[in-house]
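Structure first, commentary second.
Throughout, read-outs are computed from the coordinates displayed, never taken from laboratory work. Note that this is a predicted model, so its numbers are computed, not measured. In this analysis, Cβ positions are derived from the backbone assuming ideal geometry, glycine residues included, and neighbour counts consider all displayed protein chains.
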Amino acid sequence: MKKVFDVLPAVALALTGCVSSSDDSNSAAPAPAALPTDFIVTEMGEYSYATDGSLEVTKATCTDYANEVVWKKTTHNGSLTDAGNGTAQMDLGDGAGKNTYEFRVAAGEQFPEGNFYKSSTLNNPLIQGVVLEDPYYSDVVYINTDCVFENFGEMQETLSLIAGVPKSSISMSCKTLSIEGLEMTYVSHTQGSIEYTVSYAGVTSNVKQTFRYAFVENDCRKAFKDYQQEYESGETQDFFNFDLYDQDISASSEFTDLISNFHNRTGLAKSAATPTMTEKQIKDILRAVGSKLRRGNK
């Protein structure tokens, strides 16, 4: 597969998402009959846990200084206690305070190893959670639906702004997102990637987005390299933000012709704020969708 960075002009992205407030035990939703074990990793780290309930979570930051990448591990002090009846109280030391989680201990292990599901999100199609597997810590989104795109309805405003088309021209069915006849169809995902097809006028391209993680130093350096290329080419004047470069996107060779055909046939030049829906906008859309699936409503 060919990297989209080789196919599309590099751009700085503005991802828009929903911000969820912290919860407490009084806001916990009733647990569904079965909790999913399929998840996508949002953020990686390491942890240590003591019998007194203290929890240390080590993550990493990826920033820059004087045009050099700066990768640094950071440790937060929190707490984790078994609250009984399959629930736990967890403070990740990030300033959000304690939240209630349903938890399931991993087979052959003991607390705190296992899957933790944020109680206030249990009935959501994308459940916020944490996976602890000594010494590894992961912020995750548990996939609690077979219809991924159908649950992205609140993204229509974001996508219409990116594409420069009316919100009414964007539709989302179970696994397909359509914009003026350009269709993205979900195919599969792993814990660290998502695959789908992009189709228009009988031409289909396979697209894969592999997620980068600030905790992985090489991912940090790759993200900064992509940013530098954009800055040096004049395509962005913004400061480096890892979250805007945290996906490595690749596509099959049909992608370029597909997008060219889309430009030429839709007539978007007459209705959009920009002359046409550009390759930049298509990439922005891919990244926004990948970010949504990776982070849920976080």
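Each label point was placed 7 Å from the Cα along the Cα-to-Cβ direction; for T145 and E68 their separation is 4.6 nm. Here the simple spin-label model places points 7 Å from the Cα toward Cβ, and for T210 and F111 these points are separated by 3.9 nm.
In region 194-251, Cα pairs under 8 Å separated by at least six residues give a relative contact order of 38 percent.
Cross-linked pairs K73/K98; K73/K225; K222/K283; K175/K222: Cα-Cα separations exceed 25 Å for K175/K222. Loop-located GluC sites (Glu not before Pro) in region 73-117 (DSSP state not H, G, I, E or B) with no more than 12 neighbouring Cβ atoms inside 10 Å: E109. Mind giving me the FRET efficiency for T75 and L161? R0 is 45 Å, r the Cβ-Cβ distance, nearest 0.05 is fine. About 0.75, to the nearest 0.05.
Multiplying the sequence separation of E254 and V203 by 0.36 nm and subtracting their Cα-Cα distance, what value in nm do you get?
17.6 nm
Contact order, relative form, for region 30-143: 28 percent (alpha carbon pairs under 8 Å, 6 or more residues apart, mean separation divided by residue count). The fewest-to-most ranking of C62, C147 by surrounding Cβ atoms within 10 Å reads C147, C62.
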